[in-house]
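Down below is the structure, laid out as structure tokens.
We did not get these values from a lab; they are worked out from the coordinates using the rules stated. Nothing here was measured: the structure is a model prediction, and the numbers come from that model. Glycine gets a Cβ as well: all are built from the backbone with ideal geometry, and neighbour counts include every protein chain shown.
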Amino acid sequence: MGNLFARFGTGLGALIVGLVAAWLVSMVLAPNLMMLDFSLRPNLMPAQIGGLDDHYTLANFAALAGDPVHRVIFLKTIWASALVMVTTLAVTYPIAYWMAKVASPRAAALAVMALIIPFWINEVLRTLAWYILLAFGGPLNAALLWLGIIDQPVRWFGDFGVLAGMVYAYILFMLFPIYNSISTLDTVQIEAARNLGASTPRIHWRIVIPHAKAGIATGCVFTFMLAAGSYVAPALLGAPGSRWFTEIIYNWFFEGGNWNRGAAYALVLLTLYMLVVLATLKLFRVNLADVAK
Amino acid sequence: MSHSVDLMDVEMAFGGVHAVRRLSAHVEGGEFFSILGPSGCGKTTILRLIAGFINPTAGRVLIGGKDMAGIGADRRPTSMIFQSLALFPLMSVWENIAFGLEVRRMPKADRRRRAEELLELIALPGYGDRMVHELSGGQKQRVAIARALAVEPQVLLLDEPLSALDLKLRQHMRAELRALQKRTGVTFIYITHDQSEALAMSDRVAVMSAGVLQQIATPRELYSSPATPFVAKFVGETNEFAGKVSRTVDGIAVVDGPHGSFAGRAGDEVVVGGTAAVYVRPEAVTVSREARPDSLEARADRIEFEGAVAMLHATSREGQPLLAAIPNQLLSRAPAAGETVWLSFVPDEALVLAHG
Ligand SMILES: Nc1ncnc2c1ncn2[C@@H]1O[C@H](COP(=O)(O)OP(=O)(O)OP(=O)(O)O)[C@@H](O)[C@H]1O
Ligand SMILES: [Mg+2]
């Protein structure tokens, strides 16, 4: 902060601090406090608002705990998001390592282009592309049938479709932090380990991954949060059996017309995010400042 | 006895860049062998070829008589000490030292014990639990050496390991390295661009220039009988008088040039009529204040005191810089700056080398 004033002078410095504070209060703090307020009130008819029944209650939260279907969907969203995170990490890490340490600069640049260009397209359309690919009569089934790998078209929609669509949608959020952190590893470190007899898995386990852990943690946090908060992929690629918690929240707000219940559900999801972020950081023994880099 | 190393017609090209050109060398088991050459001449490339990080474009690398083609860097009996040391910053000192043993699946307690022994050897007992960044430059150096020795290599490859140290520490580490090599009997291949380091420590020295091997010889031979003009100029100080060979008699060649005629022992490829130069070391030059036959007139520029000797810098009438060593006991009678002096040497102490 003192740094800021030193650099921009008191007037401009105060303006910047003021703007940031205003933004934080109006865009982050206020809506969340409103959500909290909503979530703690019962859902009432307009005529009842301000009446006897309008008092704070935990009923909306209790409703989530008491509804077995919603509870299952909530828990499933957690573990499925974790699965998306782990799968994305498994797919991304080799690509990131290859780009940072193996590929020529030209090949790495081409790979980045190839990965980024699809992201110029809107997320809904991108997911729709997967919808077409994975359709029952779609090209994936056709290709697998033709190759003789399957002899019946497979129903990809559902858990698999959601997983594939999300891994694809969030791969860049995992790739760039990991790629960045691996790039800063001096290649001589890898050679030194190999020179001492280390196998490739051990080099990754002992040298590359410890070095890149802040990037890996960042990518994992991003991917988990995006997956848990995702709406498009489960809506398009899911099946009735693979509903996502965000869909339930959406329903409370826009179909059930029960904003109070929706706000409570959303807050539970938000709390979960925070827990996961903190747990991941703890697990990787990195702090928020490392992630912000 | 440790393994020998053979390079047979080895060539290395990176795209269009020839880092090493057709080079053969034999390093005895247990030898302290240095590679000396200016920056960018391909020294590190040779070590990387031996360690197996890169494969030669042509030729073969043998360690202990065994062809290393197809044997990866992790399975060669070599250990490398990198120019940048490449210690693992996220591991403690003892984990660094024991990394090679961890790779070989030695139990943790044994690893720890071995690491302590090596810390003893490098005179850093009790430093095992420190992190690498808590060490001084010289201590890091020693940890890198211990890490490389922990795996009991047959051949230790050292890439300018002392270049980051200050002069005092460098001299101390030189002596330690040499003693370590004698004690362990491991074959050392030591890279440096510092000639005094190479001459002081090595059994034999290979001199390289621009990817070409110039000469392999003992330090004394290298200094007294350089094989090429490059070696004569690169190793130690020298005076050079270029010209044409007018005659050779009994192994003595006479070179006629702008400074007049000078004679010296003829090198291998000297032929009458060919271009060549006479090379003479400053300590072989006699300085006189009176004109003498067969001597070269010059103007004294300055005297630089170097401890054991003083170096007279002079300029010939033709404008060529000249060097002559003046022993300490004669320093009181040394010429003053601006004085005219006559320099001479005997043919036996000069060398004539053909210019390629
Ligand atoms: N991976 C590479 N790709 C392309 N050129 C390379 C590569 N490695 C080395 N070279 C080139 O090969 C030549 C020799 O390099 P090398 O590193 O062996 O020099 P060196 O003798 O160790 O120099 P220094 O004393 O500065 O360390 C240089 O011209 C260098 O640019
Ligand atoms: Mg080098």
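Computed quantities for the displayed model
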{"read-out": "Proximal lysines to B:Lys244, defined as alpha-carbon separation beneath 29 angstrom and excluding residues fewer than eight positions away on the same chain", "value": "B:Lys233"}
{"read-out": "Shape metrics for chain B, restricted to C-alpha atoms - Rg then Dmax, Å", "value": "24.3, 78"}
{"read-out": "Taking region A:68-292 and dividing mean pair separation by its residue count, relative contact order in percent (alpha carbons under 8 Å, at least six apart)", "value": "27"}
{"read-out": "Point-charge dipole on Cβ atoms (K/R +1, D/E -1) for the protein assembly as shown, about Cα centre, debye to 20", "value": "1300"}
{"read-out": "Simple spin-label estimate for A:Leu19 and B:His26 in nanometres, 7 Å along Cα-Cβ", "value": "7.6"}
{"read-out": "Peptide-level mean, for B:48-61, of C-beta atoms on other protein chains within 10 Å", "value": "1"}
{"read-out": "Percent antiparallel among DSSP beta bridges (both partners in region B:5-229, rounded to 5)", "value": "55"}
{"read-out": "Integer Hz, Karplus 6.51/-1.76/1.60 couplings in order for region B:216-223, x for Gly and Pro", "value": "10, 7, 5, x, 5, 4, 4, 7"}
{"read-out": "Equivalent-ellipsoid semi-axes of chain A, from the Cα gyration tensor, Å, largest first", "value": "38, 31, 18"}
{"read-out": "DSSP bridge orientation in the protein assembly as shown - percent antiparallel, rounded to nearest 5", "value": "75"}
{"read-out": "Vicinal HN-Hα couplings computed from phi for region B:86-101 (Karplus, 6.51 cos²θ - 1.76 cosθ + 1.60; Hz; Gly/Pro x)", "value": "6, 5, 8, x, 8, 10, 6, 4, 5, 5, 4, 4, 8, 4, x, 7"}
{"read-out": "Within region A:39-59: backbone nitrogen closer than 20 Å to the A:Leu275 label point (7 Å, Cα to C-beta)", "value": "A:39-40, A:58-59"}
{"read-out": "Dmax and Rg, reported as Rg then Dmax, of region B:86-224 (C-alpha, Å)", "value": "16.4, 53"}
{"read-out": "Region B:25-88-region A:7-35 distance, computed between alpha-carbon centres (Å)", "value": "60"}
{"read-out": "Backbone N within region B:180-218 under 16 Å of label point (7 Å from B:Glu306 Cα along the Cβ vector)", "value": "B:194-200"}
{"read-out": "For region A:8-162, convex hull volume per residue from C-alpha positions, Å³", "value": "270"}
{"read-out": "Kirkwood-Stokes translational diffusion coefficient of region B:1-131, alpha-carbon pairs, 25 °C, 0.890 mPa s, µm²/s", "value": "146"}
{"read-out": "Inter-probe distance in nm under a simple model that places probes 7 Å from Cα toward Cβ, at A:Ala114 and A:Ile132", "value": "2.1"}
{"read-out": "DSSP-assigned coil residues among chymotrypsin sites (Phe, Trp or Tyr not before Pro) in region A:132-210, each with at most 12 further Cβ atoms within 10 Å", "value": "A:Phe136"}
{"read-out": "Under-5 Å amide H pairs with B:Lys66, H placed in peptide plane, nonlocal only", "value": "none"}
{"read-out": "Shielding of B:143-152 by partner chains, average beta-carbon count, 10 Å", "value": "1"}
{"read-out": "Volume per residue that the Cα convex hull of the protein assembly as shown spans, once the total is divided by residue count, Å³", "value": "280"}
{"read-out": "Shielding by other protein chains, B:88-101, mean Cβ within 10 Å", "value": "3"}
{"read-out": "Considering only region B:237-354, percent of DSSP beta bridges that pair antiparallel, nearest 5", "value": "95"}
{"read-out": "Diffusion constant of region A:134-293 at 10 °C, which comes from Stokes-Einstein with the Kirkwood Cα-pair radius and 1.306 mPa s, µm²/s", "value": "84"}
{"read-out": "Cut-off under 5 Å, modelled amide H: who pairs with B:Ala266 long-range", "value": "B:Ile252, B:Ala253, B:Val352"}
{"read-out": "More than 24 angstrom apart: percent of Cα pairs within region B:237-354", "value": "26"}
